[in-house]
Amino acid sequence: MSAKRTGEAMQGTPHKSEDPLHAAQSKARHLDFPHESHFSLFTSTSISTSTVKTLYSRWENQANWSRFASLAFAGLPSILRFPVSTLVRRLVRKQLAGQKTGRHSFETVLRLSDRAFDALSVQLGSKRYLFSDEKPSSIDASAFAHLSNILYVALPDDRLRELLSTKANLVKYCERMRRDVFPERVV
């Protein structure tokens, strides 16, 4: 790694090849409010739990799997795509089953996701960000990474996105975060 790149990494500038969640969390490390610690932990846990449901919609839902696999494994040589995607899918499905999410029907996952969206929508209310109107926190970066992954990635079975789209304040929140905090990211 070059000295310039090392300096950038130490300043929290995400590398272009990083995934959106890691980039969002890296960029937002300096944004935390000291008073949010307990509620922040609760919110972060809730967001992470809803992420498992997003994974479910991509890895377990057969209608979405084909589209997701074609995107996720496009960089592999064609001869390796099927065996590698099958192996990785098996591993992810095993992890989902271990977390008990893989044991649910997609309808149950949708109901649980809707409850998580409701909770985030209530927390956000009419504020610009989850904890204030002034500046976003690392929880905002994490929430945006997860919500934008649902909102901006079209899949054949889009019921999860349809549920999120009913929360007008969360949709506006994602648009605001995308425009104001992560303008260099094309989602």
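Six or more apart or on different chains, Cβ under 7 Å: which pairs go from a residue in the range 64-75 that's over 13 Å from Thr54 (Cβ atoms) and open to solvent by 70 Å² or more (accessible area, probe 1.4 Å) to one that's of a type in the set (A, V, I, L, M, F, W, C) and part of a loop (DSSP other than H, G, I, E, B)? Could you list them? That search, which allows pairs on different chains as well, returns Arg67/Leu155.
Could you go through the range 122-130 and let me know if any residue there is surrounded by fewer than 16 Cβ atoms within 10 Å (Cβ to Cβ) and either more than 30 Å from Asp180 (Cβ to Cβ) or of a type in the set (A, V, I, L, M) (or both). Break it down stepwise before answering.
Taking the range 122-130 and keeping what is surrounded by fewer than 16 Cβ atoms within 10 Å (Cβ to Cβ), we get 122, 125-127.
Filter once more, so that each one left must be either more than 30 Å from Asp180 (Cβ to Cβ) or of a type in the set (A, V, I, L, M) (or both): 122.
Checking the range 122-130: at least one residue is surrounded by fewer than 16 Cβ atoms within 10 Å (Cβ to Cβ) and either more than 30 Å from Asp180 (Cβ to Cβ) or of a type in the set (A, V, I, L, M) (or both).
Screening Leu80 with (1) in a loop (DSSP other than H, G, I, E, B); (2) without any contact (Cβ under 8 Å) to a residue 24 or more places away in the chain gives one miss only, at (1). Among the residues that make up the range 147-155, is at least one of them open to solvent by 30 Å² or more (accessible area, probe 1.4 Å) and either farther than 28 Å from Trp65 by Cα or among the hydroxyl-bearing types (Ser, Thr, Tyr) (or both)? For the range 147-155, residues open to solvent by 30 Å² or more (accessible area, probe 1.4 Å) and either farther than 28 Å from Trp65 by Cα or among the hydroxyl-bearing types (Ser, Thr, Tyr) (or both): present. Of the residues Ala116, Ala143, the single one that is within 15 Å of Leu160 (Cα to Cα) and surrounded by 16 or more Cβ atoms within 10 Å (Cβ to Cβ) is Ala116.
The residues listed here are Ser105, Ser137, Ser165; of these, the one that is open to solvent by less than 10 Å² (accessible area, probe 1.4 Å) and either in contact with a strand residue (DSSP E or B) (Cβ under 6 Å, 6 or more places away or on another chain) or of a type in the set (Ser, Thr, Tyr) (or both) is Ser137.
Kindly check whether there is at least one residue in the range 126-149 that is out of contact with any helix residue (DSSP H, G or I) (no Cβ under 7 Å at 6 or more places or on another chain) and aromatic (Phe, Trp, Tyr). No - not one qualifying residue is present in the range 126-149.
The values are calculated or read from the model by the stated rules, or taken from the named source; none is laboratory data. This structure is a prediction, so every number in the text was calculated from the model and none was measured. When we count neighbours, we look across all protein chains shown, and the Cβ atoms used for this are built from the backbone with ideal geometry, even at glycine. Just so you know, the surface numbers come from the protein's heavy atoms only, side chains and all, with ligands and any DNA or RNA stripped out. Shrake-Rupley method; radii C 1.70, N 1.55, O 1.52, S 1.80 Å.
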